[in-house]
Protein chains: 2
Amino acid sequence: MGSLGISSRLGTHPGPFSLFVAITIGADLRADGFGENPFYHCLVAESLPGPGESQAGPCVVGYGLYYFIYSTWKGRNVYLEDIYVKPEYQGQGIGSKIIKKVAEVALDKGCSQFRLSVLDWNKRAMDLYKALGAQDLTEAEGWHSFRFEGEVMRKLAGK
Amino acid sequence: MGSLGISSRLGTHPGPFSLFVAITIGADLRADGFGENPFYHCLVAESLPGPGESQAGPCVVGYGLYYFIYSTWKGRNVYLEDIYVKPEYQGQGIGSKIIKKVAEVALDKGCSQFRLSVLDWNKRAMDLYKALGAQDLTEAEGWHSFRFEGEVMRKLAGK
């Protein structure tokens, strides 16, 4: 049985992104995350071969994609945009490990908060975040998330 | 009667921040916004003297503080963290002008979305965003905002 490690891949290794490059925006995702001023950072959870086991290389079984946000009141914060664990690896605490590693990064970078969003039907995720001590700001304070996009945004911008 | 202009202050001019430096985090706010890789950007609305009027310099009457966020599905987006207009200048369309300018910045930077959050008791702001074409994602899709902070975050990080 192999072990699981959470590592930060801020170099140029393309591996961790094979999970979603194909279904999203391809080259942009790579350029935006691995340029001089990256728009996001990514932690990957890897399954490593156990003693005596052979494996071509580490196998990515989950990831957490985060970036830095800013509060006029609280300064630097971290936002976890996306967290994913392959179905066959769920229930092993990998999601919690990714969240704990993000909290570590946040503290190391002088952040006072770590935020994320979740859909209200995703009880499993909500329960996990609450169990780990997160506060539901929409429930507690009434925060609503708004979005402008596409044609609306172009019209707003007068373009 | 003077005119109102929205400008982007990405230099070292300290003026626009006098509104809130005193009540937040002082030097950090300046360092985080005006370093090589700024954590945020700020637009300021200024009241300019009219013909024949004298004024020591532009007078800041509002601001919009934004930063870039990232979606695995949609790529680069802009997030408007904070928007403020001095009470005596409200009702003149300055908030809308700031929002329109942020939409312009978003498009110029290749963003497909422009997001923000609002408290559910702030009907005036909600009505404005909806009138400008924004979608309430909490209402429409059930998005909830979560936060880890302080002792909880340190415990998560094992520190």
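The values are calculated or read from the model by the stated rules, or taken from the named source; none is laboratory data. None of the values given here were measured: they were computed from a predicted structure. A quick note on method: Cβ atoms are made from the backbone with ideal geometry, for glycine too, and the neighbour counts reach across all protein chains shown. Side chains are part of the model used for accessible areas, which takes the heavy atoms of the whole protein and leaves out ligands, DNA and RNA. Shrake-Rupley method; radii C 1.70, N 1.55, O 1.52, S 1.80 Å.
What are the residues in region A:64-75 that are closer than 17 Å to A:LEU107 by Cα, more than 14 Å from the chain's Cα centre (by Cα) and of a type in the set (Ser, Thr, Tyr), if any? Within region A:64-75, A:TYR70, A:SER71 qualify. Condition check for B:VAL61 on (1) open to solvent by 20 Å² or more (accessible area, probe 1.4 Å); (2) among the β-branched types (Val, Ile, Thr); (3) assigned by TED's automatic domain parsing to the domain that holds B:ASP32: one failure, at (1). Of the residues A:GLU104, A:GLU139, A:GLU149, the single one that is of a type outside the set (Val, Ile, Thr) and within 18 Å of A:TYR63 (Cβ to Cβ) is A:GLU104.
I'm trying to understand the selection: among the residues of region B:115-149, which are facing another protein chain (nearest Cβ under 7 Å) and small (Gly, Ala, Ser)? Within region B:115-149, B:SER117, B:GLY133, B:ALA134, B:GLY142, B:SER145 meet the criteria. Would you check which residues across region A:81-95 are free of Cβ contacts under 8 Å to residues at least 40 places away in the same chain and facing another protein chain (nearest Cβ under 9 Å) and list them? A:ASP82 - this is the single residue of region A:81-95 that is free of Cβ contacts under 8 Å to residues at least 40 places away in the same chain and facing another protein chain (nearest Cβ under 9 Å).
Within region B:138-154, the set of residues being polar (S, T, N, Q) and under 19 Å from A:PHE68 (Cβ atoms) comprises B:SER145 only.
Taking each residue of region A:114-128 that is over 25 Å from A:ARG76 (Cβ atoms) and looking for partners that are open to solvent by less than 60 Å² (accessible area, probe 1.4 Å) with beta-carbon atoms closer than 6 Å, six or more apart or interchain, yields A:LEU119/B:GLY142; A:ASP120/B:GLY142; A:ASP120/B:HIS144; A:MET126/A:VAL118. When region A:48-74 is filtered for residues that are within 14 Å of chain B (Cβ to nearest Cβ) and modelled with pLDDT of 90 or more, the ones remaining, listed by number, are A:GLY62, A:TYR63, A:GLY64, A:LEU65, A:TYR66, A:TYR67, A:PHE68, A:ILE69, A:TYR70, A:SER71. The set of residues in region A:97-140 that are on the phi < 0 side of the Ramachandran plot, of a type in the set (Gly, Ala, Ser), at pLDDT 95 or above and open to solvent by less than 60 Å² (accessible area, probe 1.4 Å) comprises A:ALA103, A:ALA106, A:SER117, A:ALA134.
Looking only at residues in region B:76-116 that are part of a strand (DSSP E or B) and over 11 Å from the mean Cα position of the chain (by Cα), which one is nearest to A:ASN37 (Cα to Cα)? Outline the logic, then answer.
At the first step, the residues of region B:76-116 found to be part of a strand (DSSP E or B) are B:76-85, B:113-116.
Now drop any that are not over 11 Å from the mean Cα position of the chain (by Cα), which leaves B:76-77, B:113-114.
Working: B:ARG76: 13, B:ASN77: 15, B:GLN113: 20, B:PHE114: 20 Å.
Among residues in region B:76-116 that are part of a strand (DSSP E or B) and over 11 Å from the mean Cα position of the chain (by Cα), the one nearest to A:ASN37 (Cα to Cα) is B:ARG76.
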